[in-house]
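J.: Take a look at this one; I'll ask things after.
Bear in mind that the values in this text are calculations on the coordinates, not laboratory data. The shown structure was predicted, so the numbers you read here are calculated from the model rather than taken from an experiment. So basically every Cβ, Gly included, is an ideal-geometry build from the backbone, and we count neighbours across all protein chains shown.
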Amino acid sequence: MNDFSPSNVERHPLPPFFPKDAEILFLGSFPPPRNRWCMDFFYPNLQNDFWRILGLVFFGEREHFLTAVRSDGKRIFDAEKIREFLLEKKIALYDTAEEVIRKKGNASDAFLEIVTPLDLKRVLTHDLPKCRTIFATGEKAAETLLQIIAPKLEDGTKLSKPAVGKGVSFRYADRILTLCRLPSSSRAYPLSLEKKAEIYGTLLRESGFLPQTPFREDLSQKSSASP
């Protein structure tokens, strides 16, 4: 039996990052517990490779966003640098759930129960009028998006979950929208960082958000501490 009592329900701890001119939207599942954060922004866990992947895809450097330094001298993600990058590239960020219950108290999507999903149609209509492409950053995000979108398709289209590295287009929120499914940036997902970056880059290029020639990682910039 589901226990949706207020004491068990966790509200999303971050405000959405919705630049008004954003053309693409990355949607994950839900942030990890706060004790795993290294910054107050999305994908804050140092053991999650989302920002390393985007560093590789856009700049050819996995450590491009690892430029802030903690009090103990450890390099961490630079939230301000990330925000500037997102604004420049017209990228929005949020998650598919507003409220959840962590069945095991950890960050695993497998034990995440969604209580209140994102009101995607409202977000696209009122906050992101120029957005035409959504990237689901993992299995849970993709499944939740299908549950959000499918009952509200305007033309009765039957929507199927795309395979990893693929996308599907449909009419939604008064526009043609493309949903692309990315591999999870969690290290629990059995794919190398480089392969994940290749899939991210391919989908971004196919969607028109990257030049056709991909960046190649500058191996001379990799430190011995790189994962």
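J.: Would you order Ser207, Ser185, Ser160 from fewest to most other beta-carbon atoms within 10 Å of each residue's own beta-carbon?
T.: Details: Ser207 16, Ser185 23, Ser160 9.
Going from least to most buried by this count: Ser160, Ser207, Ser185.
J.: In straight Cα distance, which lysines are under 19 Å from Lys104, not counting same-chain residues fewer than 8 positions off?
T.: Of all the lysines, those that pass the test against Lys104 - Cα under 19 Å, at least 8 places apart if same chain - are Lys140.
J.: Among the listed pairs Lys161/Lys196; Lys74/Lys121; Lys89/Lys158; Lys103/Lys130, give every one whose C-alpha distance is greater than 30 Å.
T.: Lys74/Lys121; Lys89/Lys158; Lys103/Lys130
J.: Moving on. Between Arg175 and Lys74, what is the label-point separation in nm under the 7 Å Cα-to-beta-carbon projection?
T.: Between Lys74 and Arg175, the label points sit 3.9 nm apart.
J.: Taking the Cβ of each residue in Cys180, Cys131 as the centre, tally the other Cβ atoms inside 10 Å and list the residues starting with the fewest. Don't jump to the answer; show the numbers that get you there.
T.: Values: Cys180 26, Cys131 22.
Lowest count first: Cys131, Cys180.
J.: Give me Rg over Rh for the chain, both radii from the alpha carbons and Rh done the Kirkwood way, two decimal places. Mind showing how you got there, number by number?
T.: Numbers: Rg = 17.4 Å, Rh = 18.3 Å.
That ratio is 0.95, to two decimals.
J.: Under a point spin-label approximation (7 Å from Cα along Cα-to-Cβ), what is the Ala150-Arg132 distance to one decimal in nm?
T.: Label-label distance for Ala150 and Arg132, simple model: 2.7 nm.
J.: With just the Cα atoms defining each centre, how far is segment 26-94 from segment 131-201? Give it in Å.
T.: Each part reduced to its Cα centre gives a spacing of 21 Å.
J.: For the chain, what does the helix formula give at 222 nm: sum of -39500 (n - 2.57) over DSSP H segments with n ≥ 4, over the residue count, nearest 500 deg cm²/dmol?
T.: On the way: 4 runs with 46 residues, N = 227.
Taken over the chain, the calculation gives -6000 deg cm²/dmol.
J.: Which order results if Lys103, Lys196 are arranged by neighbouring Cβ count within 10 Å, fewest first?
T.: Details: Lys103 14, Lys196 23.
Least crowded to most crowded, the residues run Lys103, Lys196.
J.: Continuing with this model, one more query. Multiplying the sequence separation of Glu99 and Val168 by 0.36 nm and subtracting their Cα-Cα distance, what value in nm do you get?
T.: Details: separation 69, 0.36 × 69 = 24.84 nm, distance 2.67 nm.
Difference between extended and current length: 22.2 nm.
J.: Would you mind calculating the relative contact order of the chain from Cα pairs under 8 angstrom and at least 6 residues apart, reporting the percent as a whole number? Working shown, then result.
T.: Numbers: 382 pairs, mean separation 57.4, N = 227.
Result for the chain is 25 percent.
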